[in-house]
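Q: Got a structure for you, written out below as structure tokens; questions coming shortly.
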Amino acid sequence: MNGDAASALGTVEPAQKTAMHESTKQMVRRLAAHCNTFRGSIPRMAISQILSTLIPLAVLVVAMFATVKTAYWATLLMAIPAGGLLVRAFIIQHDCGHGSFFGSRTWNDFVGRCMSVLTMAPYGLWKREHAVHHASSGNLDRRGAGDIDTLTVREYQALSNFGKFRYRFYRNPLFLFAFGVPAYFLIVQRLPWFHALKPAEAFKSVMGLNIGLALFYGPLIYAFGVTDVLSVVVPMVVVASAAGGWLFFIQHQFEDTIWEKADGWDFQVAALMGSSFYDLPKVLNWFTGNIGLHHIHHLNSMIPNYRLQACLNASPELKSINRLTIMQSLHCANLKLWDENRRRLIRFDEIQAA
């Protein structure tokens with residue numbers, strides 16, 4: 001079923017709707033079986049990905065420190081590819097959290113925690129919250145864990161004027177990606193509050209990373225000073241978090257995504273049909289660890305990122321589901337609300353028609 005068919009579900013007769021749902025389920029089950037053949041780690045590919053991420057990142061960071069006092073414009077330019085490498089490091093951490101990067105839980109947890117010192121995302125916290133995201137993605141009754149906050153048209157219309165202003169402000173792309181996501185990575189994730197985990201679990205994960213950050217960056221601050229370290233690290237993290245935030249947004253916030261009430265929600269259908277295939281140029285796929293193939297990742301999170309492309313290449317059918325180009329994705333930034341009647345995301349100016 002393509003996006004147009006998904007949008008049409010709200011207008012067809014009940015019998016036809018049931019038939020369409022069953023047809024979709026059969027397709028999803030078939031593709032899930034295909035994806036399952038690509039699960040499992042390949043150690044040499046995992047190690048190669050770590051080395052191809054950390055070595056160029058280290059070279060760039062050294063060059064950034066070398067130019068921070070004499071040519072800061074060059075430092076800022078280098079923050080762009082360095083930020084891209086941090087995104088790649090985060091995808092490694094992300095796969096470790098899923099238990100797919102290596103076959104060993106011990107190695108997954110060790111590498112994931114090491115990467116978290118670079119990404120500034122607490123490993124245990126992200127591992128648990130992201131698992132909840134996968135278990136509830138597309139479920140209207142279980143929103144709020146690891147999601148971009150999304151209201152239905154009815155929920156938005158029931159808000160006070162201030163509530164509507166607050167939601168509009170939050171969903172503004174400039175605020176969300178230039179300020180909100182970077183602030184979340186740099187500040188909120190340093191605090192053991194405001195998270196979905198139990199306070200004790202969140203405290204252990206967040207404060208554990210804070211100690212790790214102090215041990216890692218302390219010697220750098222001693223050698224170069226606080227100002228120079230911040231001048232190098234903050235631009236990298238801002239680039240990485242803004243780019244990563246956009247990727248996370250576009251993975252589920254597109255017009256023909258699907259949301260269902262709990263009684264009609266199906267895990268595999270929501271995973272495949274509610275996630276996008278962000279068809280990026282090869283160089284961007286490399287920096288982002290193929291996470292644009294998100295429909296495959298949600299259908300089977302045990303496929304490591306370095307096997308996603310092979311899974312896609314082996315199934316032409318997967319290439320046609322929820323495909324978005326970069327130009328098409330830019331329009332998704334204007335989508336703000338889920339219309340339960342038309343079964344698609346809409347812009348604010350479409351509310352009256354809803």
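The values are calculated or read from the model by the stated rules, or taken from the named source; none is laboratory data. No experiment lies behind these values; they were computed from the predicted model shown. All Cβ positions, glycine included, derive from the backbone under ideal geometry; neighbour counts span all protein chains shown.
Q: Of all helices (runs of 4 or more DSSP H) completely enclosed by the stretch 257-354, which ones contain at least 1 residues that are more than 28 Å from T37 (Cβ to Cβ) and of a type in the set (G, A, S)?
A: By residue number, 326-331.
Q: Can you pull out the residues in the stretch 190-212 that are assigned to a helix (DSSP H, G or I), exposed (fewer than 14 other Cβ atoms within 10 Å of the Cβ) and at pLDDT below 90?
A: Result: P199, A200.
Q: Sticking with this one: I need a count of the residues in the stretch 142-170 that are among the charged types (D, E, K, R) and over 25 Å from K127 (Cα atoms).
A: Number satisfying all stated conditions: 5.
Q: Answer with yes or no whether D149 is free of Cβ contacts under 8 Å to residues at least 60 places away in the same chain, acidic (D, E) and within 30 Å of K164 (Cβ to Cβ). Break it down into steps so the answer makes sense when it comes.
A: Working: free of Cβ contacts under 8 Å to residues at least 60 places away in the same chain: yes; acidic (D, E): yes; within 30 Å of K164 (Cβ to Cβ): yes.
Considered against the rule, which asks whether it is free of Cβ contacts under 8 Å to residues at least 60 places away in the same chain, acidic (D, E) and within 30 Å of K164 (Cβ to Cβ), D149 comes out as yes.
Q: Here is a follow-up. What pairs can you find where one residue is in the stretch 44-59 and under 17 Å from R113 (Cβ atoms) and modelled with pLDDT of 95 or more, the other is assigned to a helix (DSSP H, G or I) and among the small types (G, A, S), and their Cβ atoms are less than 6 Å apart, with a gap of 6+ or different chains?
A: T53/A89
Q: If you check I187 against the conditions, is it on the phi < 0 side of the Ramachandran plot and loosely packed, with under 14 Cβ neighbours inside 10 Å?
A: Spelling it out, I187 is indeed on the phi < 0 side of the Ramachandran plot and loosely packed, with under 14 Cβ neighbours inside 10 Å.
Q: Moving on. Taking the stretch 15-43 as the search range and keeping residues that are of a type in the set (S, T, Y) and farther than 30 Å from I92 by Cα, which one is modelled with the lowest pLDDT?
A: Residues of the stretch 15-43 that are of a type in the set (S, T, Y), as a first pass: 18, 23-24, 37, 41.
Cutting the leftovers down to farther than 30 Å from I92 by Cα gives us 18, 23-24.
Working: T18: 54, S23: 85, T24: 86.
Filtering the stretch 15-43 for residues that are of a type in the set (S, T, Y) and farther than 30 Å from I92 by Cα, the one modelled with the lowest pLDDT comes out as T18.
Q: Anything in the stretch 104-144 that is assigned to a helix (DSSP H, G or I) and within 30 Å of R154 (Cα to Cα)? List them, or say none.
A: E129, H130, A131, V132, H133, H134, A135, S136, L140, D141, R142
Q: Test V12 against the criterion of being over 23 Å from G124 (Cβ atoms) and at pLDDT 95 or above, and give yes or no.
A: No, not satisfied.
Q: Considering (1) at positive phi; (2) without any contact (Cβ under 8 Å) to a residue 12 or more places away in the chain, say which one G264 fails and leave the rest.
A: Result: G264 passes all but (1).
Q: Of the residues R142, R166, which is charged (D, E, K, R), at pLDDT 95 or above and within 23 Å of Q253 (Cβ to Cβ)?
A: R166
Q: P182 - would you say it is out of contact with any Pro (no Cβ under 8 Å at 6 or more places or on another chain), modelled with pLDDT of 95 or more, under 23 Å from Q93 (Cβ atoms) and exposed (fewer than 14 other Cβ atoms within 10 Å of the Cβ)?
A: no
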